[in-house]
Amino acid sequence: MNKKDMFIKEKLQQDKKISNKANKIFENVKEEFNVENNGKKVIKISFNKFLAITASLVIVGFLGIGLYATKFKKNDVIAEKETNIETTETKKAFKYALKSNSLEDFDLRFLQLENEKINKIYSPLSIKYTLAMLNEGTEGESKEQITGLIGEYKSNKYINSKNMSFANALFIRDTYKTSIKQTFVDNLRNKYNADVIYDSFSSSKNMNSWISDKTLELINDMINDSDLSDLDYALVNALAIDMEWEHKFVKASDIINLETNYSHENYGWSAPMQLLSNKFEGVQGDISGMGIIASVNNYDIVKTLGEENIRKTVEDRFRTYLKENRDGQASYYLEGKDTETAVKDYLDNYIEELNANYKSVNKNTDFEIYQDEKVTAFAKDLKEYNGTTLQYVAIMPEEELDSYIDNITAQDINNIIGNLKEIKNENFKEGVITQITGYIPKFKFDYNLNLIEDLNDMGVKDVFDSEKASLKGITDDEGAYISKAVHKANIEFTQDGIKASAATMSGGAGAGSMFDYIYDVPVEKITLDFTKPYMFIIRDKATGEVWFAGTVYKPLSLEDEPEVENPNNYEIGSYSEYLKTNVNYNYISCGDVNCDGMVDELDHTYLQRYLAGQEGYDLTEQEKKYADVNQDGEVDKTDVDIINKYLAGTYENLPVKE
């Protein structure tokens, strides 16, 4: 086999290796590189990456590559079988070559190479950046392989602040100062703003101090003294991000206060109980997570039914009500008015409130969605820091996740991202009310990426081979090569630390709680419950560059949540117990006819129609227990009156049933 074919083969395995090792730094990512040098001189390159998203996403990451400088005698003969290359490998060598900084097949390749049904996390950005810096010290075939993979990738420079830190450093043992090439040092300084630090390496204190500082004190004591015993150089890349959501999730204790009602329309919602906990495929017990809910009112009822028709229908019913209740509840509308004035005022206000419903958008947080017959996708932005906005994108396929990942391409993901739509009127169907509910699990896990094997698959091989590596750009020591690379990461995705007050959304209270005429309206529902395995990416929204990627097979369970303080007795207890005692989701108030956690106009209207014998408005035996507000054994007009008074604020302390 000729030289060109040999190079192409190296490219092949290089491409496979680089695209599967960058997934490890999403929330609390911690990576380290251990070296097995067998007593040989070592050059160690280690990359430290950390991401923390306060109250929502916490990522700690450390990525290291150990370069071993060792003396060896090259073999004069290379086995024939090692030079045999399949023709099909020629194309594979360049399949994952980067053409830009945006999302490409390279970023997803690591998911495909390590496609087990387990939680995973890695950082494509870290791997690209690492390869770019490493390539400053390679020559010959080693350089051509890395260059062939990273292609047109250009490492971006980031502005440091209290929320985002991106830094590089070259640590050099004092006694080895003259062995490192000045051109390599200068390139790291000029191209990557790297700090150059000379150290005795007798203690890990200085290196750990630098890492801690550059990771916003989120990675501490990463290096042990023993790790430095045979270390002559260390190249460290540290990334730390401390961010919040642009619009925060609502905390569990407030979520049941969320509700929306559209005046005089038979639609409304109170945050459903599954927003607090849920089930997940393949996981026993309840999982913990964050709920989303929204509604978009694109139903113009006044235009559809006609204002005059509405006025006539409502006027007839309202006049009958005034006549039959003149000495009772109707006095509320007649106070200081004659009948004609009361009717006119009520109808004018009624039409005004109906018009106000149209084009209403109500939601408990901002997010974007996409759904078709193959996938469900959810996206949410983090705050902008230093000109950078990161976006979390979760993608749940209908088919098994591992099968989906086997065949996924960057174009597929880019198409999904391109079709994400914000919760705005123009993005949803006209003539209906669209309701969106969803559940986004929390998760926390560790993962180790097989970096060398993955990079070999993608075509980067020589730098890991003691007989082929050429690191002459770093040192003239013969035999320097990358002996071992370990990518260890952990991630925590939660809403801890989010300080959000209760969000109450309402479309209006209607024209008084004593009388109302409710119109049925068309409603379409979209469900975004992430209750089965899914993949995710964290990307730069402006450039499309993928910072983190991974899979979720086992979210955080309710029982694994950290203990919290109970505000009722100030005792520390489990999160699940906190939900039970403070959110009260195991108990239903009498009057909550539809059992959605709130007593509202929907319950009042439903009960009225049930008592009137209207078709389609029935009550189960259990619902009758909640509809019997005064607990006299009968569901009647008295119960309706009590709900009216409760909604008007003149009746307190509704009974509660378990």
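The values are calculated or read from the model by the stated rules, or taken from the named source; none is laboratory data. These numbers come from a predicted model, not from an experiment. Ideal geometry is used to build each Cβ from the backbone, glycine not excepted, and the neighbour counts take in all protein chains shown. SASA here: full protein model, heavy atoms, side chains in, ligands and nucleic acids out. Shrake-Rupley method; radii C 1.70, N 1.55, O 1.52, S 1.80 Å.
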For segment 195-223 and segment 292-368, what is the separation of their C-alpha centers, rounded to whole Å?
67
When ranked by the protection proxy of mean other Cβ atoms within 10 Å per residue, highest first, what sequence do the peptides 124-130, 142-148 form?
124-130, 142-148
Order these peptides, 530-537, 473-480, 314-321, by their mean beta-carbon neighbour count within 10 angstrom, highest first.
530-537, 473-480, 314-321
Rounded to whole Å², per residue accessible area for segment 98-205 with a 1.4 Å probe reads 40
Asp406 and Asp636 label points (each 7 Å along its Cα→Cβ direction) are spaced in nm at 6.7
Report, to the nearest whole %, how much of the accessible area of segment 364-427 belongs to carbon and sulfur atoms, 1.4 Å probe, protein only.
34
How fast does segment 326-398 diffuse by Stokes-Einstein, in µm²/s, taking the Kirkwood radius from C-alpha pairs at 20 °C and 1.002 mPa s?
123
Accessible-area order (highest first, 1.4 angstrom probe) of the listed residues Thr175, Thr388
Thr175, Thr388
Between Lys624 and Asp520, the FRET efficiency computed from the C-beta separation at R0 = 30 Å comes out, to the nearest 0.05, as 0.85
Solvent-accessible area per residue for segment 386-452 at a 1.4 Å probe radius, Å²?
40
If we sort 436-443, 456-463 on the protection proxy, mean other Cβ atoms within 10 Å, highest first, what's the order?
456-463, 436-443
